[in-house]
Amino acid sequence: MMHKVTFSDMTTVSEAKPWRFMLVGGVGAGKTTLIKALESKTPSGIRKTQMIDYSSWGIDTPGEYIEMGHLRRVLVSTSFDAQIIVAVQDATREDSYFPPNYFLMFPQHTIGVLTKLDSPQANIKQATTLLRTAGVTGEIFYVSALTGLGISELRDYLLNQNNV
């Protein structure tokens, strides 16, 4: 019988500590807000991520690293510390900072997350197409960190990837 892993297991069991996922997305895509929501923390008072942040069970990366081509190599080297790549796309944006097929170069499983689904400007079909064009081959999760939509499903998925 498979044991269901919980968030507290991930933060207290020494064997689980090295397991991480890496969030990649443009400035303002909601990466930091998403990670706070996944940890059941209030997303208020969140500041722009200035450098790669390893302080939680996910690796939070600055949006500039994907937006500026010469910094993308840093994402490649950082990805070696992650077991899953999470491509974060703001569903209110009409375009993407991810180059076509970008995520196909990573050996890790890559999933997509569409954020800001609470916004009336969210275009789920367009945002899903942008992630698929960028090479996201895994599951796509549809979330709103503000309303909680889809957060528990994404959290359960990520927590149980450590058992795979």
field: Residue satisfying all of: in the range 55-85; touching a residue at least 24 places away in the same chain (Cβ under 8 Å) and aromatic (Phe, Trp, Tyr); surrounded by the most Cβ atoms within 10 Å (Cβ to Cβ) among these
entry: Tyr65
field: Considering residues of the range 103-126 that are out of contact with any helix residue (DSSP H, G or I) (no Cβ under 8 Å at 6 or more places or on another chain) and under 23 Å from Leu71 (Cβ atoms) only, the residue surrounded by the fewest Cβ atoms within 10 Å (Cβ to Cβ)
entry: Pro107
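Read-outs: derived from the displayed coordinates by stated rules, not from any lab. Quick caveat: nothing in here was measured; it's all calculated off a predicted structure. Because the Cβ atoms are built from the backbone with ideal geometry, glycine has one as well, and the counts that use them run over all protein chains shown.
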